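Everything below concerns the one structure shown next.
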Amino acid sequence: MKDYLIKDISLSSIGKKKIEWAEAQMPVLLMIRERFSKEKPFKNLRISLCLHVTKETAVLARTLREGGATVYMCAANPLSTQDDVAAALVEDGVHVYAWRGMDLRSYYQAIGYVISFLPNITIDDGADVISTIHKFYYKIDSEDTRIIREAVKEISIEDLLKNILGGCEETTTGVIRIKSLEKEGKLLYPIIAVNEALSKSLFDNPVGTGQSTLDGIMRATNILLAGRDVVVVGFGRVGSGIAYRARGMGARVTIVEVDPIKALRAAMDGFNVESMKKAAGHGEVFITATGNINVIRREHFELMRDGVILANAGHFDVEISKKDLEELSIRREKTSEHITTYILKDGRRLHLLADGRVVNLACGEGHPSAVMDLSFSLQALSAEYIVKNYDKMTKTVIPVPEELDKIVAIMKLRSMGLEIEEMTEEQKRYSESWLMGT
Ligand code: NAD
Ligand code: ADE
């Protein structure tokens with residue numbers, strides 16, 4: 001098998017500069033790297049990364065390598081790879097199997113190549129490597145597993161499982177998938193749910209995706225958000241971040257939710273809350289962030305105005321039904337690199353960004369490095385935690401230990417030059433006593 005498969009190795013010098021730019025914004029991960037370079041926690045270990053191949057992911061890959069790991073990398077999405085970064089990583093000695101715009105066959109093959117190296121730790125964004133390993137074990141036959149099996153034909157599932165110490169999962173959709181395996185009693189190795197750590201989900205999901213989703217939409221369309229009628233579907237961690245930022249830029253924002261508590265929170269935060277059907281009739285820009293399937297579909301497209309923009313920030317490209325768009329349209333055209341325009345039978349035009357894939361990574365560069373500093377520092381420390389504790393870990397979904405979550409927040413605050421208050425001994429006693437107030 002080839003050592004790597006990327007678009008163009010000659011792009012490496014541009015990629016190297018981009019990685020250095022990211023490093024300057026990721027001081028916490030660099031501090032962890034410095035320690036790893038002395039302690040070598042991953043000596044003789046192989047780590048697979050199924051992540052978006054960005055300059056920030058490159059900083060993580062370099063950190064794991066500095067800690068002694070051999071790193072194998074495939075993409076978490078066919079449209080999110082930054083080819084120059086992939087080239088620079090290959091020059092650094094990372095085995096990358098990814099390029100921007102890879103077709104689904106190549107995407108699945110790349111997962112197979114990475115698995116073939118028998119990783120000791122798997123790090124995923126969306127659980128594609130994790131779920132592939134489980135599909136092999138439970139003999140689930142589908143188009144993707146057939147392609148992947150071809151790519152990994154020389155290894156057995158027993159070999160694979162013997163080598164894996166544990167895994168880490170980066171995003172909400174991936175955590176839902178591993179929890180579903182756990183619930184069915186099928187999880188084959190321990191996996192740390194990095195997404196659920198507070199220093200991840202309070203920052204990456206709302207702040208990172210909030211900014212980068214709007215950035216992706218603006219890069220693709222250059223629309224003015226001020227005064228625009230924007231509908232955000234899903235008011236969870238990601239959707240709320242998008243909604244607040246869109247409002248901050250002057251958009252009139254409507255929220256569509258299925259959860260009564262979240263819908264109420266949106267209403268009390270001053271957002272307009274409506275059903276998808278009602279919002280479909282007036283919205284100008286629709287942004288999905290639910291992790292769910294077909295949240296915008298035929299019955300909604302039928303009500304939409306001419307010229308609306310459709311974008312998705314959720315992990316998979318299933319939130320906006322492309323099948324229904326195809327069936328309703330008489331033709332579609334590529335309006336620009338990131339815009340596909342569906343022309344409906346009555347002449348209305350609906351503009352879909354990035355084929356309904358993660359708009360922030362496909363049309364932009366993903367989250368800013370400063371926020372990925374938190375997420376990827378947690379990934380690095382969680383991987384180290386697996387190496388130190390795998391013999392005590394059960395085959396369950398494991399939370400990031402609270403002390404690691406706090407360490408990352410403390411290091412980030414320090415890197416920002418911020419100090420926090422410390423409780424006095426009296427306050428500590430008082431705040432824990434049932435006699436308080438007397
Ligand atoms: P979350 O669970 O916090 O929020 C999802 C929200 O969607 C919930 O409030 C839920 O009630 C709502 N919802 C579900 N079905 C709905 C429907 N049919 N209509 C309206 N609302 C519905 O999850 P999250 O952390 O916000 O993540 C959302 C998605 O974004 C996931 O797929 C996650 O993996 C992805 N994500 C993407 C990025 C990125 O960079 N693009 C970053 C982080 C997370
Ligand atoms: N997910 C969202 N933004 C990202 C980024 N910049 N790098 C890697 N994964 C991401």
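The values are calculated or read from the model by the stated rules, or taken from the named source; none is laboratory data. This structure is a prediction, so every number in the text was calculated from the model and none was measured. So basically every Cβ, Gly included, is an ideal-geometry build from the backbone, and we count neighbours across all protein chains shown. These accessible areas exclude ligands, DNA and RNA; they are computed on the full protein's heavy atoms, side chains included. Shrake-Rupley method; radii C 1.70, N 1.55, O 1.52, S 1.80 Å.
See the values below:
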| quantity | calculated |
| --- | --- |
| Subset of region 2-19 (residues that are of a type outside the set (A, V, I, L, M, F, W, C) and under 16 Å from residue 72 (Cα atoms)) | 2, 3, 4 |
| Selection count where residues are touching a residue at least 12 places away in the same chain (Cβ under 8 Å) and either within 10 Å of ligand 1 (Cβ to nearest atom) or of a type in the set (S, T, N, Q) (or both), scope region 211-227 | 5 |
| Every residue from region 162-185 that is within 16 Å of ligand 2 (Cβ to nearest atom) and open to solvent by less than 10 Å² (accessible area, probe 1.4 Å) | 168, 169, 170, 174, 175 |
| Residues (farther than 22 Å from residue 112 by Cβ and either surrounded by fewer than 24 Cβ atoms within 10 Å (Cβ to Cβ) or within 16 Å of ligand 2 (Cβ to nearest atom) (or both)) located in region 37-59 | 37, 38, 39, 40, 41, 43, 44, 54, 55, 56, 58, 59 |
| Residue 107 touching a His at 6+ places or on another chain (Cβ under 9 Å) and of a type in the set (Phe, Trp, Tyr) | no |
| Residue 81 under 23 Å from residue 60 (Cα atoms), open to solvent by 10 Å² or more (accessible area, probe 1.4 Å) and within 16 Å of ligand 1 (Cβ to nearest atom) | no |
| Within region 363-406, tally of residues that are farther than 22 Å from residue 29 by Cα, out of contact with any Lys or Arg (no Cβ under 9 Å at 6 or more places or on another chain) and within 16 Å of ligand 1 (Cβ to nearest atom) | 0 |
| Residue tally, condition more than 16 Å from ligand 2 (Cβ to nearest atom) and in a loop (DSSP other than H, G, I, E, B), over region 351-364 | 0 |
| Evaluation of residue 148 against (1) under 27 Å from residue 354 (Cα atoms); (2) touching a residue at least 40 places away in the same chain (Cβ under 8 Å); (3) within 16 Å of ligand 2 (Cβ to nearest atom) (one fails), failing number | (3) |
| Helices (runs of 4 or more DSSP H) contained in region 272-350 and holding at least 2 residues farther than 17 Å from residue 234 by Cβ and basic (Lys, Arg) | 322-328 |
| Hey, residue 204 of a type in the set (Asp, Glu) and near ligand 1 (Cβ under 10 Å from one of its atoms) or not | yes |
| Test: residue in region 325-335 that is closer than 24 Å to residue 222 by Cα, open to solvent by less than 10 Å² (accessible area, probe 1.4 Å) and either under 26 Å from the mean Cα position of the chain (by Cα) or free of Cβ contacts under 8 Å to residues at least 60 places away in the same chain (or both) | yes |
| Per-region count, region 294-320, residues free of Cβ contacts under 8 Å to residues at least 40 places away in the same chain and touching a Phe, Trp or Tyr at 6+ places or on another chain (Cβ under 8 Å) | 1 |
| Members of region 116-128 that are buried (at least 24 other Cβ atoms within 10 Å of the Cβ) and either among the hydrophobic types (A, V, I, L, M, F, W, C) or away from ligand 1 (no atom under 15 Å from the Cβ) (or both) | 119, 121, 122, 123, 127 |
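Residues checked against (1) surrounded by 24 or more Cβ atoms within 10 Å (Cβ to Cβ); (2) in contact (Cβ under 8 Å) with a residue 60 or more places away in the chain:
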position: 353; (1), (2): yes, yes
position: 371; (1), (2): yes, yes
position: 403; (1), (2): no, no
position: 412; (1), (2): no, yes
position: 418; (1), (2): no, no
position: 432; (1), (2): no, no
